[in-house]
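The values are calculated or read from the model by the stated rules, or taken from the named source; none is laboratory data. This one's a predicted model, so the numbers in the text were calculated from it and none came from an experiment. FYI the Cβ positions are ideal-geometry reconstructions off the backbone, even for glycines, and counts take in every protein chain you see. Remember, those area values only see protein heavy atoms, side chains included, never the ligands or the DNA or RNA. Shrake-Rupley method; radii C 1.70, N 1.55, O 1.52, S 1.80 Å.
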Amino acid sequence: GIQVEQSPPDLILQEGANSTLRCNFSDSVNNLQWFHQNPWGQLINLFYIPSGTKQNGRLSATTVATERYSLLYISSSQTTDSGVYFCAVDVLNTGFQKLVFGTGTRLLVSP
Amino acid sequence: GAGVSQSPRYKVAKRGQDVALRCDPISGHVSLFWYQQALGQGPEFLTYFQNEAQLDKSGLPSDRFFAERPEGSVSTLKIQRTQQEDSAVYLCASSLAPKFDTQYFGPGTRLTVL
């Protein structure tokens, strides 16, 4: 099956710093989503981004589908950004959106 | 409703007990998904419903796992004769359309089997 790898696995930042998270996937996909799982376990949608670039406040994401990777940029990080970031891809050849999640990046932002 | 809700939020079961986990999707959402998330890992797909039809159950770990959505809204995931390896967070998600749409996740049910 498709492999979805994220890097780095762990990241510690000082509040105010910027960071880039990467998601590589091994096969063509229909689309890609980025999620933030907060310390209470809630998965929150950040971006639905099959290709191109999107921005939402301090966050932005870029997916280059032809090269099978996506990047999540966090600028001016805040302590509330702490948690685990997952990318998830929708595999081809299914009649519904069957998500395969990546390995995750655990982010800790310290004050 | 405002979002996907799940109950109970926490469940402790003795090995061998049966458990039932409930998911209330966002009103009007056609698609409903169940995922299992082990500690320190990403969620893994269990099963998919389109309205009341269970179209894919390829991720269910064993025949002890059973899911239903009889009226096309609320769904229940049932685990019979629970084992310690069933301990995990069970997440439910829904989306308006089956394909090319955002999935919205509930808060999850943390199951601990002693």
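A Gaussian network model of chain A, with springs between Cα atoms under 10 Å, assigns the largest mean-square fluctuation among A:Gly57, A:Gly83, A:Gly16 to A:Gly57. A straight line joining the Cα centroids of segment A:65-93 and segment B:83-114 runs 19 Å. Residues whose amide H falls under 5 Å from that of A:Phe47, counting only those 5 or more places apart or on a different chain, are A:Trp34, with hydrogens built in the peptide plane.
I need the shape label for chain A. Rule: rounded when a/c is under 1.5, else prolate if a/b > b/c, else oblate, with a, b, c from the alpha carbon gyration tensor. Judged from the Cα gyration tensor, chain A comes out prolate (a/c at least 1.5, a/b above b/c). Kirkwood analysis of segment B:5-98, using all unique Cα-Cα pairs, places the hydrodynamic radius at 13.4 Å.
Computed from label points 7 Å out along Cα-Cβ, the spacing between A:Gln3 and B:Ala97 is 3.3 nm.
Modelled label positions at A:Arg58 and A:Asn30, each set 7 Å beyond Cα in the direction of Cβ, lie 3.4 nm from each other. With a Förster radius of 45 Å applied to the beta-carbon distance between A:Thr66 and B:Val30, the computed FRET efficiency rounds to 0.90.
Annotation: for a label point projected 7 angstrom from Cα along Cα→Cβ of A:Thr79, residues of segment A:31-51 with backbone N closer than 20 Å are A:37-42. Rolled with a 1.4 Å probe across the full set of protein chains, the surface gives B:Phe65 an accessible area near 10 Å². From the cross-link list A:Lys54/B:Lys11; B:Lys14/B:Lys99; A:Lys54/B:Lys99, which pairs have alpha carbons spaced over 27 Å apart? Table pairs above 27 Å Cα-Cα are A:Lys54/B:Lys11; B:Lys14/B:Lys99.
How large is log10 I(q)/I(0) at q = 0.07, 0.11, 0.12, 0.16 Å⁻¹ when the Debye formula is applied to the Cα atoms of the protein assembly as shown, each weighted equally and without solvent? Ignoring solvent entirely, the Cα scatterers give -0.22, -0.54, -0.65, -1.11. For chain A, modelled as a GNM whose springs connect Cα atoms under 10 angstrom apart, the maximal fluctuation among A:Thr79, A:Thr53, A:Thr94 occurs at A:Thr94. Computed in the context of the full set of protein chains, the accessible area of segment B:1-68 at 1.4 Å probe radius has 46% of its extent on carbon or sulfur. Loop-resident trypsin sites (Lys or Arg not before Pro) (DSSP state other than H, G, I, E or B) in segment B:13-114 with no more than 16 further Cβ atoms inside 10 Å of their Cβ: B:Lys14, B:Arg15, B:Lys57, B:Arg64, B:Arg81, B:Lys99. Between segment B:59-74 and segment A:1-61, the C-alpha centres lie 29 angstrom from each other. Mean-square fluctuations from a GNM of chain A, with a 10 angstrom spring cutoff on Cα atoms, peak among A:Leu21, A:Leu71, A:Leu43 at A:Leu43. Computed over segment A:53-111, the P(r) curve from all C-alpha pair distances, binned at 10 Å from the origin, holds 19, 43, 30, 8, 0 percent per bin.
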